[in-house]
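Derivation of every value follows stated rules applied to the coordinates shown; laboratory data play no part. This structure is a prediction, so every number in the text was calculated from the model and none was measured. We place every Cβ from the backbone using ideal geometry, glycine too, and count neighbours over all the protein chains shown.
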Amino acid sequence: MAKNFRVYWKNANLSVGLPTTGAGSAAGDPVVNKGIVGINLWGTGAGEGIPAGSTYGMVAVDGTPVVSVNVVTTAVTENDPIYITSAHALTNVASGNTLFGYADEPGAVGAATKLGVKIKSQVNA
């Protein structure tokens, strides 16, 4: 189970179509699937009642995980928007990406900067 939460999730959705390998497939990985963003809780094809080897997984749609963010060009300050790419990578670049949430702390420019990110509100997603 994902253990990278600073503030634990309260809501999760069963999602189908998640990656089975690579980014987004492991517990704690950020994912975007059909416009829903969140954190893969158990890994794709894993967890109670989830068919092994399938593209199903449970996705936390709220909370504040601590994740790697590719901070490009300018440093991130608290409450700056963080985006997710179609390849399930987090960045502070808006162009062509989906809003994931908001920085919970400042971060310097650099690849794989560890930051807390408040997942955007998706009540009843």
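Listed by first and then second residue, the pairs linking a residue in the stretch 94-121 that is in contact (Cβ under 8 Å) with a residue 60 or more places away in the chain to a residue that is part of a loop (DSSP other than H, G, I, E, B), with Cβ atoms under 6 Å apart and 6 or more places separating them unless they lie on different chains, are L99/K120; G101/K120; G116/D104; G116/E105; K118/D104; I119/D62; I119/G63. Answer yes or no as to whether G45 is touching a residue at least 60 places away in the same chain (Cβ under 8 Å) and surrounded by fewer than 17 Cβ atoms within 10 Å (Cβ to Cβ). No: the conditions fail for G45. Look at A52 and say whether it is hydrophobic (A, V, I, L, M, F, W, C), in a loop (DSSP other than H, G, I, E, B) and free of Cβ contacts under 8 Å to residues at least 12 places away in the same chain. Criteria met by A52. Within the stretch 59-79, the set of residues being in a loop (DSSP other than H, G, I, E, B) and surrounded by fewer than 19 Cβ atoms within 10 Å (Cβ to Cβ) comprises V72, T73, T74, A75, T77, E78, N79.
Taking the stretch 1-21 as the range and being closer than 19 Å to P51 by Cα and either touching a residue at least 60 places away in the same chain (Cβ under 8 Å) or of a type in the set (D, E, K, R) (or both) as the test, the residues that pass are A2, N13, P19.
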